[in-house]
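To start, the structure itself, in structure tokens.
The values are calculated or read from the model by the stated rules, or taken from the named source; none is laboratory data. Quick caveat: nothing in here was measured; it's all calculated off a predicted structure.
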Amino acid sequence: MAKPLEVDQVWLDRILEQVNGLQYGSVNITVHDGRIVQIDRTERTRYDQPSHKQQSDPQKATGNGEQLRAVAQ
């Protein structure tokens, strides 16, 4: 049988801290042996309209990844 989750005010405050101000993303809570041991926050930035520069550059529109390769080298 699973242990009941132990959540005190400290962990509630930590969770609220991670969720506050999050517009797009997720908060992942890792539990081991009925205790919270880790909180991961992943934040996304969404752009509804592409910038004018992105629309006018056909190489970027094809997604050829040149910039990514230059950074990775």
* Selection from the range 1-20 of residues that are at pLDDT 85 or above and not in a loop (DSSP other than H, G, I, E, B) -> GLN9, VAL10, TRP11, LEU12, ASP13, ARG14, ILE15, LEU16, GLU17, GLN18, VAL19
* Matching option when the condition is at pLDDT 90 or above and of a type outside the set (Phe, Trp, Tyr), among THR30, THR45 -> THR30
